Amino acid sequence: MSNLRRILWLASYPKSGNTWMRSLLAHYFMPPGKAPDINNLRQFTTGDTRTDFFDKAAGGKYEGKTLQDWARVRQVALRHIAASKPNRHFVKTHCKPVIFLDTHLIPPEVTAGAIYIIRSPFDVVPSFARHVSASIDDTIDRVCNPDTIMGTENGIYDALGRWDEHVTAWTTAPGLPRYVVRYEDMLDKPAKVFNGLLDFLGAKPDRPKLARAIKATSFDAMKKQEEKLGFGERPVGMQSFFAKGRAGAWREDLTPAQVGRIREEFGPTLETWYPELIEEVDEFARAG
């Protein structure tokens, strides 16, 4: 397996728009009528937590017991993922690009580039809380913890860490070709954002095709798909994966004290990526 720099990472902190981006790319690049529904996105994109690749890497059923097992087998699984298609292809990840247990979670030798999606932590927190069936305060603890890891029953993990560390690691990783997208800008100006993304990918924009893809993957369209078909990635006990999807719902979901805590924890990163929110957030926090 030589020359495996084929993975274009679709990277984000959880609840930041990764599923939407995967759907949008699928609807744009796949032939008309062939784009998968939300339950079949793996026809177009791969994910770095897929058990079939871990089984292949383990030479049988993967039965990792520890984080060390996962980190070790992940390296081989990623090489199999990179080799699974002949050219560059998209792979979803929530991991941050760091050295973890002596292994690189996003190895340069399989990486062609990355699309990184950022979403305001004020909206990530309530959405993440619904996702893991936890309280808002517990979820703030989680996104502020440098050791935060999400796992599956199969012993396959996502090493997340803190929200601000995740953002900084992906947006400053040396030598990584990347296109950074804010979720809020995708909502506000999807055509402009996606045109920039196509330029990054070296693909020629097709305006009618892009308009169709944007319409097919609107939040309402995806919510209707979930209502009709269900969604296999929705955690057990979660009522709806596509719950709100808009920017600024934090104003209804968070208390002034919670907003103030997030602002205090992530100050410098917020000032870099969300300068337009600072004044409102500070005023909101003081109101409490």
Filter result (open to solvent by 10 Å² or more (accessible area, probe 1.4 Å) and at pLDDT below 95) within segment 3-17: ASN3, LYS15, GLY17
Failed item in (1) assigned to a loop (DSSP other than H, G, I, E, B); (2) touching a Lys or Arg at 6+ places or on another chain (Cβ under 7 Å); (3) at pLDDT below 95, with ASN154 passing the rest: (2)
Cβ-Cβ under 7 Å pairs, at least 6 apart or on other chains, segment 81-98 side among the charged types (D, E, K, R), far side open to solvent by less than 40 Å² (accessible area, probe 1.4 Å) and part of a strand (DSSP E or B): ARG88/LEU8; ARG88/ALA112; LYS92/LEU10; LYS92/GLY47; LYS96/ALA159
Per-region count, segment 171-191, residues under 18 Å from ILE99 (Cβ atoms) and part of a loop (DSSP other than H, G, I, E, B): 4
Search result, residues across segment 106-137 that are open to solvent by less than 10 Å² (accessible area, probe 1.4 Å), in contact (Cβ under 8 Å) with a residue 24 or more places away in the chain, assigned to a helix (DSSP H, G or I) and of a type in the set (A, V, I, L, M): VAL110, VAL124, VAL125
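Does ASP102 satisfy the condition of being touching a residue at least 12 places away in the same chain (Cβ under 8 Å) and touching a helix residue (DSSP H, G or I) at 6+ places or on another chain (Cβ under 9 Å)?
Working: touching a residue at least 12 places away in the same chain (Cβ under 8 Å): yes; touching a helix residue (DSSP H, G or I) at 6+ places or on another chain (Cβ under 9 Å): yes.
Considered against the rule, which asks whether it is touching a residue at least 12 places away in the same chain (Cβ under 8 Å) and touching a helix residue (DSSP H, G or I) at 6+ places or on another chain (Cβ under 9 Å), ASP102 comes out as yes.
Pick out the one residue from GLY260, GLY248, GLY288 that is on the phi < 0 side of the Ramachandran plot, open to solvent by less than 80 Å² (accessible area, probe 1.4 Å) and either assigned to a helix (DSSP H, G or I) or at pLDDT below 90 (or both).
Working: GLY248 fails: on the phi < 0 side of the Ramachandran plot; GLY288 fails: open to solvent by less than 80 Å² (accessible area, probe 1.4 Å).
The conditions single out GLY260.
Could you tell me how many of the residues in segment 41-100 are of a type in the set (D, E, K, R) and open to solvent by less than 10 Å² (accessible area, probe 1.4 Å)? First the steps, then the outcome.
Kept after step one, since they are of a type in the set (D, E, K, R), are these residues of segment 41-100: 42, 48, 50, 52, 55-56, 61, 63, 65, 69, 72, 74, 79, 85, 88, 92, 96.
Filter once more, keeping what is open to solvent by less than 10 Å² (accessible area, probe 1.4 Å): 48, 74.
Of the residues in that region, 2 qualify.
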Of all residues in segment 105-139 being within 17 Å of THR19 (Cα to Cα) and polar (S, T, N, Q), the one that is modelled with the highest pLDDT: SER120
Cross-chain or 6+ apart pairs with Cβ under 6 Å, segment 168-189 first and more than 15 Å from TRP9 (Cα to Cα), then assigned to a helix (DSSP H, G or I) and open to solvent by less than 40 Å² (accessible area, probe 1.4 Å): ASP185/VAL193; MET186/VAL193
Residue that is most open to solvent (accessible area, probe 1.4 Å), among those in segment 269-285 that are under 24 Å from ASP138 (Cβ atoms) and assigned to a helix (DSSP H, G or I): PHE284
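The values are calculated or read from the model by the stated rules, or taken from the named source; none is laboratory data. Note that the coordinates shown come from a computational prediction; the quantities given were computed from them, not determined experimentally. Glycine also receives a Cβ, built like all others from the backbone with ideal geometry; neighbour counts cover every protein chain displayed. Ligands, DNA and RNA are excluded from the accessible area calculation, which covers all protein heavy atoms including side chains. Shrake-Rupley method; radii C 1.70, N 1.55, O 1.52, S 1.80 Å.
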